[in-house]
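Worksheet: one structure, shown below.
The values are calculated or read from the model by the stated rules, or taken from the named source; none is laboratory data. Everything numeric in this text was worked out from a predicted model, so none of it was measured. Counting neighbours? That spans all protein chains shown, and the Cβs are built from the backbone with ideal geometry, glycine included.
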Ligand SMILES: [Fe+2]
């Protein structure tokens, strides 16, 4: 029996239909999930170029940007043991773990939990730590579930696919500076490669 392919273009087309049909973040996440699942269930869904670290370091690779600016797709690569540091996403996201063991620590912030801005403090409280094997799908649901830290916990390089609201230039993304304990801007466009798989 053959299974119809569901390649990156098919996934992008499906996500485009979802975001054109609803502005509701929760619905977008729910409706994207089965398409991401279908894409992930294929053997080796991503070309090697998009599963490789940058000069041995953690980085992201741009795969696609919606011309209407509603979403973008990146792969994120963490060599074994490397970590993102605690950071905040201000827009929705659906994340599929492709390889490695993803250790995600979710945080809450007591200070103005529904209004997160650069310059504010980032005294965070760890809420839970989740270990996710390949095949897991997780979500970013800001403002209350927007803070996290990701680490490649196993011996393998961690690879995940992120479908995120906005574009690499507009996605709200703040880093928690460990020294000053303040939030600083952390533009996605500065931490990813820019040779999209689908351009
Ligand atoms: Fe993140």
(request) Would you tally the residues in segment 179-199 being within 16 Å of the ligand (Cβ to nearest atom), surrounded by fewer than 14 Cβ atoms within 10 Å (Cβ to Cβ) and touching a residue at least 24 places away in the same chain (Cβ under 8 Å)? (result) 2
(request) Could you list all residues from segment 19-29 that are touching a strand residue (DSSP E or B) at 6+ places or on another chain (Cβ under 9 Å) and surrounded by 12 or more Cβ atoms within 10 Å (Cβ to Cβ)? (result) 19, 25, 28, 29
(message) Out of 64, 107, I need the residue that is in a strand (DSSP E or B), away from the ligand (no atom under 16 Å from the Cβ) and closer than 28 Å to residue 23 by Cα. Which one?
(response) 64
(request) Report the residue count in segment 67-94 for those that are within 11 Å of the chain's Cα centre (by Cα) and in a loop (DSSP other than H, G, I, E, B). (result) 2
(request) Scan 107, 88 and give me the residue that is under 16 Å from residue 165 (Cβ atoms) and modelled with pLDDT of 95 or more. (result) 88
